[in-house]
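What follows is a set of notes on a single structure, which appears directly below.
The values are calculated or read from the model by the stated rules, or taken from the named source; none is laboratory data. Bear in mind that the values here come from a model prediction, so they are computed numbers and not experimental data. All Cβ positions, even for glycine, are placed from backbone atoms using ideal geometry, and neighbour counts span all protein chains on display.
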Amino acid sequence: MDRKQHWEKVYATKETDAVSWFQEHADMSVRLIHSTGLGKYAAIIDVGGGASKLVDDLVAEGYTDVTVLDLSLAALNYAKQRLGKYADAVHWIEGDVTQTEFPICRFDIWHDRAVFHFLTNPDDRQAYVEQVMRAVRPGGHVIVATFAEDGPEKCSGLPVMRYQPDSLHAEFGNSFFLVDHEKESHHTPSGIVQQFVYCYCRKSSS
């Protein structure tokens, strides 16, 4: 089963508020987006956003240029239905982040909570970083969250990579300056605590 088939099956068989990564509000992500200092016209992409409620939080705050990318069409459709008439204000992309053709320097803020840690193949991680380099404007902001070094070794039946802030930043290289990092104890709907690490970087302006 390829990645897309896996995630379509997940969203076909589970309620969106029952999956382990569900958050009623993406408080840490919103706080880090606020910390960029950019206004409501900032172009933001939520990579792997799927059925996440981050898009709801951003639209409710008045952000006007939000894009959500996910492999799963079912996940995107859940989010669209939840947003109702406000879904028309969001750009939706069904695709694999390592293969999608992004416009050059399209985004001011790149956000990813829990996609990058599924990339266990070094070639996939390199392709991901190349996509960030292409799609984020010079001086743009990159917020990536993964399982921390003491987080789970698997998620949704798939193996994952676990990171410390330095090792996560190192995946992106010298073209990105590490601005901040945060640890989050995420409480899953089933009551399990999972440790996440968030890295906030700036892409080189040159």
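For this structure, a couple of remarks:
- Any chance Leu58 is hydrophobic (A, V, I, L, M, F, W, C), more than 19 Å from Glu15 (Cβ to Cβ) and surrounded by fewer than 22 Cβ atoms within 10 Å (Cβ to Cβ): no
- Residues in the stretch 93-114 that are at pLDDT 95 or above, touching a Gly at 6+ places or on another chain (Cβ under 8 Å) and among the aliphatic types (A, V, I, L, M): Val97, Ile109.
A quick yes/no check of all residues on (1) within 20 Å of His25 (Cβ to Cβ); (2) at pLDDT below 95; (3) out of contact with any His (no Cβ under 6 Å at 6 or more places or on another chain):
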position	(1), (2), (3)
Ile45	yes, no, yes
Gly49	yes, yes, yes
Val55	yes, no, yes
Ala74	no, yes, yes
Phe116	no, no, yes
Tyr128	no, no, yes
Gly139	no, no, yes
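- Taking the stretch 12-123 and the strands (runs of 3 or more DSSP E) fully enclosed by it, the elements with 2 or more residues that are over 14 Å from His141 (Cβ atoms) and touching a residue at least 24 places away in the same chain (Cβ under 8 Å) are at 65-70, 90-94.
- Filter result for Val59 (touching a helix residue (DSSP H, G or I) at 6+ places or on another chain (Cβ under 7 Å), modelled with pLDDT of 95 or more and closer than 23 Å to Phe116 by Cα): no
- Some residue of the stretch 155-169 being of a type in the set (Phe, Trp, Tyr), modelled with pLDDT of 95 or more and not in a strand (DSSP E or B): no
- Output for the stretch 12-29, where each listed residue is surrounded by 17 or more Cβ atoms within 10 Å (Cβ to Cβ) and either more than 24 Å from Val193 (Cβ to Cβ) or among the aliphatic types (A, V, I, L, M) (or both): Val19, Ala26, Met28
- Qualifying residue in the stretch 155-169 (condition: touching a residue at least 60 places away in the same chain (Cβ under 8 Å) and under 16 Å from the mean Cα position of the chain (by Cα)): yes
- Subset of the stretch 183-206 (residues that are in a strand (DSSP E or B), touching a residue at least 60 places away in the same chain (Cβ under 8 Å) and more than 20 Å from Asp108 (Cβ to Cβ)): Glu184, His186, Gln194, Phe196
- Selection count, the stretch 93-120, where residues are among the small types (Gly, Ala, Ser) and buried (at least 19 other Cβ atoms within 10 Å of the Cβ): 1
- Of the residues Val90, Val179, the single one that is surrounded by 18 or more Cβ atoms within 10 Å (Cβ to Cβ) and closer than 22 Å to Ile45 by Cα is Val90.
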